[in-house]
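The values are calculated or read from the model by the stated rules, or taken from the named source; none is laboratory data. Keep in mind that this is a model prediction, so the values were computed, not measured. Cβ atoms come from the backbone with ideal geometry, glycine included; neighbour counts cover every protein chain shown. Ligands, DNA and RNA are excluded from the accessible area calculation, which covers all protein heavy atoms including side chains. Shrake-Rupley method; radii C 1.70, N 1.55, O 1.52, S 1.80 Å.
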Amino acid sequence: MFILKGIEQLERAIAKAKKVHPRVEFDHFGRYRVSGSKGYYTVTCRKDERGYKIVACTCKGAEKGLVCYHAASALSLHIGLARRQQTA
């Protein structure tokens, strides 16, 4: 899990996601399944009670607090869906 503070911390993960092109599957708003080297990982995106954006992935790297490409990939879809909800 990590707290999203800015795009800078995502730059490496975004670059890897662009290279790997993982498959992102929508489960429900805020929950996604993303393909990885060892199968699929679950990524959740939410805001906590203070308004911080929290992203969590079930991969080993994310469990250590790293920003993974699975999270970056799911976050891209999540942001797009959130914007669509705001304009609806």
- Of everything in segment 43-82 that's modelled with pLDDT of 90 or more and of a type in the set (Lys, Arg), which residue is least open to solvent (accessible area, probe 1.4 Å)? 46
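Determine whether residue 87 is among the β-branched types (Val, Ile, Thr) and either surrounded by 15 or more Cβ atoms within 10 Å (Cβ to Cβ) or in contact (Cβ under 8 Å) with a residue 12 or more places away in the chain (or both). Even if it seems obvious, please write down each step before you answer.
Numbers: among the β-branched types (Val, Ile, Thr): yes; either surrounded by 15 or more Cβ atoms within 10 Å (Cβ to Cβ) or in contact (Cβ under 8 Å) with a residue 12 or more places away in the chain (or both): no.
For residue 87, the condition - among the β-branched types (Val, Ile, Thr) and either surrounded by 15 or more Cβ atoms within 10 Å (Cβ to Cβ) or in contact (Cβ under 8 Å) with a residue 12 or more places away in the chain (or both) - is not met.
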- Query: Scanning for something within 15 Å of residue 2 (Cα to Cα), free of Cβ contacts under 8 Å to residues at least 60 places away in the same chain, among the basic types (Lys, Arg) and surrounded by fewer than 14 Cβ atoms within 10 Å (Cβ to Cβ), does segment 16-39 turn up at least one residue?
  - Reply: no
- Scope segment 18-39; condition assigned to a strand (DSSP E or B), touching a helix residue (DSSP H, G or I) at 6+ places or on another chain (Cβ under 9 Å) and more than 15 Å from residue 77 (Cα to Cα); matching residues: 36
- From (1) among the basic types (Lys, Arg); (2) within 13 Å of the chain's Cα centre (by Cα); (3) under 17 Å from residue 5 (Cβ atoms), pick out the condition that doesn't hold for residue 50. (2)
- Note on the structure: Per the list (1) open to solvent by less than 30 Å² (accessible area, probe 1.4 Å); (2) assigned to a strand (DSSP E or B); (3) of a type in the set (A, V, I, L, M, F, W, C), residue check on residue 3 breaks on (1)
- Note on the structure: All conditions in (1) among the charged types (D, E, K, R); (2) more than 19 Å from residue 16 (Cβ to Cβ); (3) under 12 Å from the mean Cα position of the chain (by Cα) are true of residue 27 except (3)
- Message: So, in segment 62-88, how many residues would count as being out of contact with any strand residue (DSSP E or B) (no Cβ under 9 Å at 6 or more places or on another chain) and part of a helix (DSSP H, G or I)?
- Response: 6
- Near pairs, Cβ below 9 angstrom, 6+ apart or cross-chain, from segment 47-61 (in a loop (DSSP other than H, G, I, E, B)) to any residue that is surrounded by fewer than 11 Cβ atoms within 10 Å (Cβ to Cβ) and acidic (Asp, Glu): none
